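Chemist: One structure follows; several queries about it will come next.
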Amino acid sequence: MIQVQLPDGSIKPFPPGSTPRDVAAALGAGLARQAVAARIDGQLADLSTPLDRDCRVELITLDSPQGLEVYRHTAAHLMAHAVKDLYGDEVQVTIGPAIENGFYYDFYSERHTFSPEDFERIEARMTELAAADLPVVREEVSREQAIALFRSMGETYKVQLIEDLGEPRVSLYRQGDFVDLCRGPHLPSTGRLRAFKLTSVAGAYWRGDEKNAMLQRIYATAFPDKKELKAYLARLEEARKRDHRRLGRELDLFSFNEEAGAGLVIWHPKGALLRTILEDFERREHLKRGYDLVMGPQILRTELWKTSGHFDNYRENMYFTEVDGQSYGIKPMNCLSHMLIYKSHMRSYRDLPLRYFELGTVHRHEKSGVLHGLLRVRGFTQDDAHILCTPEQLDGEIKGVLEFVRDVMGIFGFEYEVEISTRPAKSIGSDLDWERATKALLQALDDVGLCYEINEGDGAFYGPKIDIKLKDALDRRWQCATIQCDFTLPERFDLTYVGKDGERHRPVMLHRVVLGAIERFIGVLIEHYAGNFPLWLAPVQAVVVNVTDNQAAYAEAVHRQLRAAGVRVKLDLRNEKLGFKIREAQFEKIPYMLVIGDKEMADGTVSPRYRSGQNLSPMTPDAFVQFVLDECKQYR
RNA sequence: GCCCACAUAGCUCAGAUGGUAGAGCGCAUCCUUGGUAAGGAUGAGGUCACCGGUUCAAAUCCGGUUGUGGGCUCCA
């Protein structure tokens, strides 16, 4: 007998050759039904893996993230199986992993291009294969055998995968006449797959390299039962209602125009006002934290972009203009003017740190395929700052920025993910610089108490960085705040300061943004609030609505009074019923509707109705002004 | 930039197999003066994204351009 230890610490004897499935069965029928895979001494394995020695066994069930991943990975195999059945020799299989909300499988084909019209057919075949309840069987073979097998099937991508894997033995999974190279684990049979749906097709480069062949990726999702699948699709539908592109139009915030050009935002009055509110907030917050407000020109001579290195490294993304034989680059970044400001004086260590802040509008020629509403545009404004300090001040400055980011994200109620990226293979600067800067970033993250992930080798070529990512309505992540150490620019512009010792030293530079790009931030913000901006941000905070023409003059007077007091208010005197006006104000997501009827007019009050439907008791216009100002002060 | 799809009124969308366009909402005018999510009547809006081709005839078929959507690569 072998001794099997369970997660609760108990130990049970089993005959050698027993499997995790036997273990599950011994523990209960319910568990046996729910189990999809197991962890044997910490290693993921199939339920059918024979146990040949004392070990720890942990069963993985469908309700765990790993269980769902196994389920979806098997669904990916089922999809590949169906595709091979239907399109046979025209299509080669490549890889097909589970992802956040489902799975995909990449196919290569010269002869067939998949389109959504194929989905129904593929799904139908998948349903048949699932109904056949084919056992999914693991098999280990030598690398040579595997290569021979896939070569005989004409699956050249699989052959390449095995060749690059460099393992002497690989595992295969068979179901019916379909076989795939796979590490596993998998569900025991295809019949376990109950609910799946193909969602989209997309191109994807083989191994994510644009120099490689373009594969056809079919995205799909799978859930343990149909109800969950339906709920997921309903959630997607809900998310679409929060899409900032849709709300941007519905709330009349911004638009794009084909004739103006792709990726160029046209801000309508309400959007421009929202943006202005954010920008005012930023200027106040930066001044509070010891930043200096600076401004630079939109275009700078091309020679200067050569000095900075942008001409060599960033030219494809830049717009240029030439007049009178003089070439200018439209700025894609704000750092140049900031360098020039630093250089305009002799600097002492006593002047440092210097923190130059600019709401800097930049233009970048982004590839046409990447543009995405406000989240990826070609002209945008960064809340950009460059901090120049002594090496000793670096830690404190990084910490200060992180606290800044944390405080600001707290005001908006954002959850965010933090990543730190370290030195890439191709980089400049001394080992000492990199080590010091990376350590400073890590130390600051720990000091501020932020959880983070490390992306080894993902830093900029000029320095390590911290990125902060926010999620949009569809859970796609967008980089907003970033803190980057830069060793090149102080060097290239020969920035110096005079130290205590009377010698010239090189300052350290931090490049950082807090919101990132105002456009992107507003995009994420719209989805975050689903268009229901808090009072302090709402471009229209209140609308004055009269019940009948009888109160028009009083309503106008109230409107004037509120506007003069700084409340962003609009007036709706239209000849419509109160219910109709309220309905429209609801659609506009205006926080407060100030109802004025004969009662309010007689009392000199307004009756505020919050967009939740809740009524405040009637109050004087003065009291409402005070209320709004108080709420805004608390960022509510 | 690459792959797939899409582009009809301000918005959301109808318009088999080619025969020069329709609805709802919105908008305008009139009636209605109505207390917390739609009062009624009438009316005006479209070079069917743009350019070219096939055809007696193109919103419809083909090609290109621009823009948009979902991805890939890249990135705030």
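Chemist: Grab the eigenvalues of the alpha-carbon gyration tensor for the stretch A:372-479, scale each by 5, take roots, and send me the semi-axes largest first in whole angstrom.
Modeler: 24, 18, 14
Chemist: Could you please state, rounded to a whole Å, how far the C-alpha centre of the stretch A:59-133 is from the C-alpha centre of the stretch A:549-563?
Modeler: Value for the Cα centre distance between the two parts: 63 Å.
Chemist: In square angstrom, what is the accessible area per residue of the stretch A:1-128 with a 1.4 angstrom probe?
Modeler: Dividing the accessible area of the stretch A:1-128 by its residue count gives 48 Å².
Chemist: Follow-up. HN-Hα J couplings of the stretch A:237-244 from phi, Karplus 6.51/-1.76/1.60, θ = phi - 60°, integer Hz, Gly and Pro as x?
Modeler: Taking θ as phi minus 60°, the curve returns 4, 4, 4, 4, 5, 8, 3, 5 Hz for the stretch A:237-244.
Chemist: Another question about this same structure. Beta carbons within 10 angstrom, averaged per residue: use that to sort the peptides A:317-327, A:346-356, highest first.
Modeler: Ranking, from highest mean packing down: A:346-356, A:317-327.
Chemist: Hey, could you get me the Stokes-Einstein D for chain A, Kirkwood radius over alpha-carbon pairs, 10 °C and 1.306 mPa s, rounded to whole µm² s⁻¹?
Modeler: 54
Chemist: Restricting attention to the stretch A:245-285, which trypsin sites (Lys or Arg not before Pro) occupy a DSSP loop and are surrounded by at most 14 other Cβ atoms within 10 Å?
Modeler: Hits after loop and neighbour filter: nothing returned.
Chemist: Please list, in order along the stretch A:72-84, the HN-Hα scalar couplings obtained from phi with the Karplus expression 6.51 cos²θ - 1.76 cosθ + 1.60 (θ = phi - 60°), rounded to whole Hz, x for Gly and Pro.
Modeler: Ordered by residue, 3J(HN,Hα) equals 6, 5, 5, 4, 5, 4, 4, 5, 4, 4, 4, 5, 5 Hz.
Chemist: Please report, to one decimal in angstroms, the Kirkwood hydrodynamic radius of the stretch A:142-200 built from all distinct Cα-Cα pairs.
Modeler: 13.0
Chemist: With a 1.4 Å probe and every protein chain kept in, tell me what percent of the accessible surface of chain A is carbon plus sulfur.
Modeler: 49
Chemist: For A:Val544, list long-range residues whose amide hydrogen, built 1.01 Å from N in the peptide plane, is under 5 Å from its own amide hydrogen.
Modeler: Sorted by chain and number, the residues that satisfy this are A:Lys570, A:Leu571, A:Asp572, A:Leu594.
Chemist: Can you send over the solvent-accessible area of A:Thr113, 1.4 Å probe, protein chains only, in Å² to the nearest 10?
Modeler: So the heavy atoms of A:Thr113 present about 110 Å² to solvent.
Chemist: Probe of 1.4 angstrom, ligands and nucleic acids ignored: what's the accessible area per residue over the stretch A:453-612, in square angstrom?
Modeler: 40
Chemist: Among the DSSP beta bridges whose two residues both lie in the stretch A:6-152, what percent are antiparallel, rounded to the nearest 5?
Modeler: If I count the DSSP bridges inside the stretch A:6-152, around 100 percent turn out antiparallel.
Chemist: Continuing with the same structure: Spelling out what I want: for every residue of the stretch A:444-461, take phi, set θ = phi - 60°, compute 6.51 cos²θ - 1.76 cosθ + 1.60 (Karplus), and round to whole Hz; glycine and proline get x.
Modeler: Each residue of the stretch A:444-461 in turn: 5, 4, 5, 4, 7, x, 9, 7, 8, 10, 9, 9, 4, x, 9, x, 6, 5 Hz.
Chemist: Fully extended, how many nm does the chain gain between A:Phe580 and A:Ser189 (0.36 nm per residue separation, minus their Cα-Cα distance)?
Modeler: Using 0.36 nm per residue and subtracting the Cα-Cα distance, I get 135.0 nm.
Chemist: For the stretch A:143-206 and the stretch A:475-533, what is the separation of their C-alpha centers, rounded to whole Å?
Modeler: Between the Cα centre of the stretch A:143-206 and that of the stretch A:475-533, the gap is 44 Å.
The values are calculated or read from the model by the stated rules, or taken from the named source; none is laboratory data. Since we're looking at a predicted model, the values are computed, not measured. Neighbour counts are summed over all protein chains in view; Cβ atoms, including those assigned to glycine, are modelled from backbone coordinates with ideal geometry. These area figures cover heavy atoms from the full protein model, side chains too; ligands, DNA and RNA do not enter into them. Shrake-Rupley method; radii C 1.70, N 1.55, O 1.52, S 1.80 Å.
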